[in-house]
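Notes follow the structure.
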Amino acid sequence: TSEYCSSIAISELSADVLRDLPTAQRFALDIGGSLSKIVYQSKRKWRKTFVVYDENTDSHLYSTQELEKEADCLHFIKFETRLLENCLDFIYDNLKGSDGRGLEILRNSPLRVTGGGAHKYRLAIEAKLGCVVEKEDEMTCLVRGCAFMLKHIPGELFSYEHDSSPPCCFADELSDGGEPFLLVNIGSGVSMLKVENETTFTRIGGTSLGGGTFWGLGSLLAGTSDFDELLEIASQGDHRNVDMLVGDIYGSESASSVHGLSADIIASSFGKASKADCKEFSKPDLLRSLLITVSNNIGQLAFLYASRHQLRRIVFAGFFIRGHLLTMRTLTYGVNFWSQGSVKAYFLRHEGYLGAIGAFVRGLEKDRRIGVLTGSWAENLCTSSSFDVGSWQGMAALELDKRKELTDFPLLRDRLDYAPDTWDLSQDLSAREYWLNCFEASIDRHQQRAVLSQPDSPSAMERGEAFRLAYQNFFKEARANPVAFGQLTVRRILDVQEHCLRESGFPDPFWELKREENEVALGGLQSRLSHLASLPSADLPAALIRGLLGGNVFDWGAGRVAELLAERGKQFGLNEAMEQLQPRPWLVDDLDAWTSRLKAGVYTCAIVFVDNSGCDLLLGVLPFAIDLLDRGVKVILAANHGPALNDVTIFELRALIRRVGSFVPRVADALSSGRLLLAGTGSSSPCLDLRYVSVEVADACRQEQVDLVVIEGMGRAVHTNLYAKFSCDCLKLAVLKNAWLADRLGGDLFSVICSFEPAAAAAVS
């Protein structure tokens with residue numbers, strides 16, 4: 001890595017990760033002995049699809065326009081400290097090149113810097129950039145940065161599980177900031193911080209035996225002062241050749257009878273060195289023993305401090321870790337051994353950036369600009385560097401994009417027990433191989449769709465190729481390292497796809513197809529409603545559910561369905577889709593229980609998370625919603641804010657419902673009276689993560705006293721939320737349009753999930 005960094009000019013190396021410097025608004029730095037981190041805020045221009053609805057014309061249902069829109073981004077860059085001055089030159093040149101406005105903005109307020117290098121490099125920074133440097137307290141920055149990352153990045157926190165492959169198991173236990181924890185920062189020394197919340201913490205202890213101890217003694221033992229090289233050498237050693245084990249003292253047979261200790265427990269670190277010539281020991285063995293000695297000591301002390309302060313969770317951070325598997329394993333082992341499993345050790349995927357983001361936050365607070373960070377931030381999975389467990393990249397980047405303010409869905413039964421994804425592909429090898437192959441095989445289809453969506457753009461072909469390369473690179477990394485972007489799930493793969501499309505300038509490749517399908521479906525709505533009205537009331541609930549399921553077949557994200565729609569075109573309608581459905585009894589068949597509950601007339605308000613445009617929405621979901629309205633139930637239709645495949649967006653939904661209201665008076669009346677509400681979820685995904693929904697949706701659920709949640713679609717009700725539990729009744733509806741998925745759940749292609757879960761019942765198992 002060092003040779004690579006040395007051989008390439010900083011301008012070349014930084015071309016991608018520092019590309020938004022000309023629009024930078026403010027900076028912060030964390031300068032360590034070997035690594036430095038920069039965080040800066042910029043304005044980025046995105047292509048966005050806008051829906052235009054003209055009530056005075058019947059020529060089009062609605063029209064769309066692709067326009068550029070500015071949005072805030074946070075950029076984090078990690079690089080070797082020895083390249084700091086080169087990096088400062090690069091920053092200066094870019095800021096000066098933007099008509100000098102960038103330098104003027106930078107100089108308007110102090111540059112917040114933390115880390116040991118804040119003193120050492122202060123004069124150099126001030127001379128290079130012409131700004132005033134203000135040092136920020138390291139521990140305060142660490143805590144603020146930790147709280148920010150845990151709040152905004154799903155899959156930031158993980159534990160090391162030796163028996164899992166890969167050994168990183170992601171958790172979501174501290175994202176709400178509700179429970180104090182012990183933050184252990186392992187730098188040259190070690191600091192133990194009791195963190196109450198993002199602004200309240202106490203240093204409760206520490207030790208001088210930390211990363212500097214391993215670095216210093218390791219350099220003496222191995223003859224090299226390169227920290228990463230020391231870790232690499234240590235990973236090749238066997239500490240048992242140097243450490244004295246319990247079995248060495250008592251014998252392997254009788255060891256277990258001595259205080260209940262197993263024979264392979266270390267009785268004395270470096271214990272064998274006292275009985276032999278040190279030249280007999282290899283450097284890898286010595287360094288392995290040293291690493292375990294330091295890590296075990298830190299792990300034991302961390303447990304003792306946690307125990308003393310009644311803390312159940314320990315988060316380790318600092319340059320000593322660096323994603324190194326052996327280090328995480330020994331720290332975890334120490335905590336598990338001494339606590340007997342009562343205390344849990346955790347690590348952070350982006351722990352290297354904590355100080356920088358903390359300094360950035362502190363600067364905003366002091367300048368009374370904290371409003372910059374309001375709302376929510378999402379990791380850009382296309383432009384961020386992957387998390388490479390076990391090695392460190394010479395220059396790495398993280399990018400967070402600002403989005404609408406998001407919050408927990410208030411009707412989850414237990415937020416801490418909620419896990420959105422049904423399968424963890426990081427741990428499920430067969431599922432991982434299938435889905436990576438399945439989605440990679442669809443790249444050409446999505447590339448073609450994206451290019452065709454912009455027929456008048458001369459750069460569409462080039463940008464389509466950029467999308468293909470970016471998405472293919474994700475699959476390459478995911479196969480080599482399944483936790484490269486956190487927990488690997490179908491939801492994560494689909495999110496990467498949408499991020500790559502957006503980064504390549506394709507905000508909504510399906511916009512024209514969606515509009516065409518909406519036009520066709522609208523033409524059949526009156527006939528569909530008339531047919532339903534002719535049915536005996538006893539048969540209506542079942543007919544509505546079958547119609548909703550039939551509509552859900554129209555999913556261009558499912559390969560088999562895409563083939564059917566391409567083959568049969570307009571000849572494939574709702575009736576043909578319903579013919580594809582599995583005959584009853586369905587794979588999960590709670591239709592009778594749902595019908596009985598519906599007829600009891602117990603509901604006040606229902607929220608329906610909608611899926612696809614066209615037949616799904618207009619001929620499936622909408623008649624279902626109208627029936628609820630006829631029964632005196634308020635209805636909230638919740639749709640994505642941003643485009644994803646052929647899913648309907650909130651902006652399209654508003655235009656469609658207004659048009660429906662022009663010829664279905666019941667819909668117009670419900671809309672005007674507030675009995676029918678339309679809400680954006682804040683999402684741009686084909687799946688549904690209920691840890692992050694819009695404040696609009698959360699507030700509506702509380703204000704309207706929602707007592708029924710309806711989730712439809714394979715992405716929202718099967719890939720995610722299949723096992724989600726709610727504090728009210730829930731109806732989950734989906735058609736399994738993938739043969740592998742159907743087989744995994746015990747069914748066949750086009751099997752049906754109709755799961756009705758009363759508030760007091762357990763989720764589907």
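Odds and ends about this structure:
- The one condition in (1) over 19 Å from the mean Cα position of the chain (by Cα); (2) modelled with pLDDT of 95 or more that Gln497 fails to fulfil: (1)
- Within the range 618-667, the set of residues being open to solvent by 30 Å² or more (accessible area, probe 1.4 Å), farther than 30 Å from Lys69 by Cα and either in contact (Cβ under 8 Å) with a residue 24 or more places away in the chain or not assigned by the TED database to the domain that holds Val608 (or both) comprises Asp630, Arg631, Gly632, Lys634, Phe663, Arg666.
- Residues that are open to solvent by 50 Å² or more (accessible area, probe 1.4 Å) and within 25 Å of Ile31 (Cα to Cα) within the range 320-338 comprise just one, Leu325.
- Any hit, the range 22-39, residues being modelled with pLDDT under 75 and surrounded by 17 or more Cβ atoms within 10 Å (Cβ to Cβ): no
Condition check ((1) over 28 Å from Lys599 (Cα atoms); (2) at pLDDT 95 or above; (3) in a strand (DSSP E or B); (4) outside the structural domain of Trp377 (by the TED database)) across all residues:
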position: Arg691; (1), (2), (3), (4): yes, no, no, yes
position: Ala700; (1), (2), (3), (4): no, yes, no, yes
position: Val710; (1), (2), (3), (4): no, yes, yes, yes
position: Gly715; (1), (2), (3), (4): yes, yes, no, yes
position: Cys730; (1), (2), (3), (4): no, yes, yes, yes
position: Leu733; (1), (2), (3), (4): no, yes, yes, yes
position: Ala742; (1), (2), (3), (4): yes, yes, no, yes
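- Failed condition for Gln447, given (1) under 18 Å from Asn646 (Cα atoms); (2) touching a residue at least 24 places away in the same chain (Cβ under 8 Å); (3) not hydrophobic (A, V, I, L, M, F, W, C): (2)
- Scanning the range 596-617 for residues that are in contact (Cβ under 8 Å) with a residue 60 or more places away in the chain, open to solvent by 10 Å² or more (accessible area, probe 1.4 Å) and part of a helix (DSSP H, G or I) returns Arg597, Cys615.
- Residue-level analysis places Arg288 outside the set of residues that are loosely packed, with under 15 Cβ neighbours inside 10 Å and in the same structural domain as Phe170 (by the TED database).
- The sole residue among Leu311, Leu304, Leu261, Leu290 that is at negative phi, at pLDDT 90 or above and not in a helix (DSSP H, G or I) is Leu311.
- Listed here are the strands (runs of 3 or more DSSP E) enclosed by the range 86-177 that have at least 1 residues being of a type outside the set (Val, Ile, Thr), free of Cβ contacts under 8 Å to residues at least 24 places away in the same chain and surrounded by 14 or more Cβ atoms within 10 Å (Cβ to Cβ): 133-135.
- Looking only at residues in the range 439-461 that are aliphatic (A, V, I, L, M) and not in a loop (DSSP other than H, G, I, E, B), the one that is farthest from Lys476 (Cα to Cα) is Leu452.
- Taken together, the residues in the range 718-755 that are under 12 Å from Leu690 (Cβ atoms), open to solvent by less than 10 Å² (accessible area, probe 1.4 Å) and not aromatic (Phe, Trp, Tyr) amount to 4.
- Criterion: open to solvent by 20 Å² or more (accessible area, probe 1.4 Å) and either in contact with an Asp or Glu (Cβ under 9 Å, 6 or more places away or on another chain) or assigned to a helix (DSSP H, G or I) (or both) - qualifying residue of Ser685, Ser672: Ser672
- Scanning the range 692-703 for residues being open to solvent by 20 Å² or more (accessible area, probe 1.4 Å), touching a Pro at 6+ places or on another chain (Cβ under 8 Å) and not hydroxyl-bearing (Ser, Thr, Tyr) gives a total of 1.
- The helices (runs of 4 or more DSSP H) found entirely in the range 478-595 that carry 1 or more residues being open to solvent by less than 10 Å² (accessible area, probe 1.4 Å) and assigned by the TED database to the domain that holds Cys730 are 540-552, 559-568, 574-580.
- A residue that is closer than 24 Å to Ile753 by Cβ, in contact (Cβ under 8 Å) with a residue 40 or more places away in the chain and among the β-branched types (Val, Ile, Thr) cannot be found anywhere in the range 510-530.
The values are calculated or read from the model by the stated rules, or taken from the named source; none is laboratory data. What you are looking at is a predicted structure, and each value in this text was computed from that prediction instead of being measured. All Cβ positions, glycine included, derive from the backbone under ideal geometry; neighbour counts span all protein chains shown. These accessible areas exclude ligands, DNA and RNA; they are computed on the full protein's heavy atoms, side chains included. Shrake-Rupley method; radii C 1.70, N 1.55, O 1.52, S 1.80 Å.
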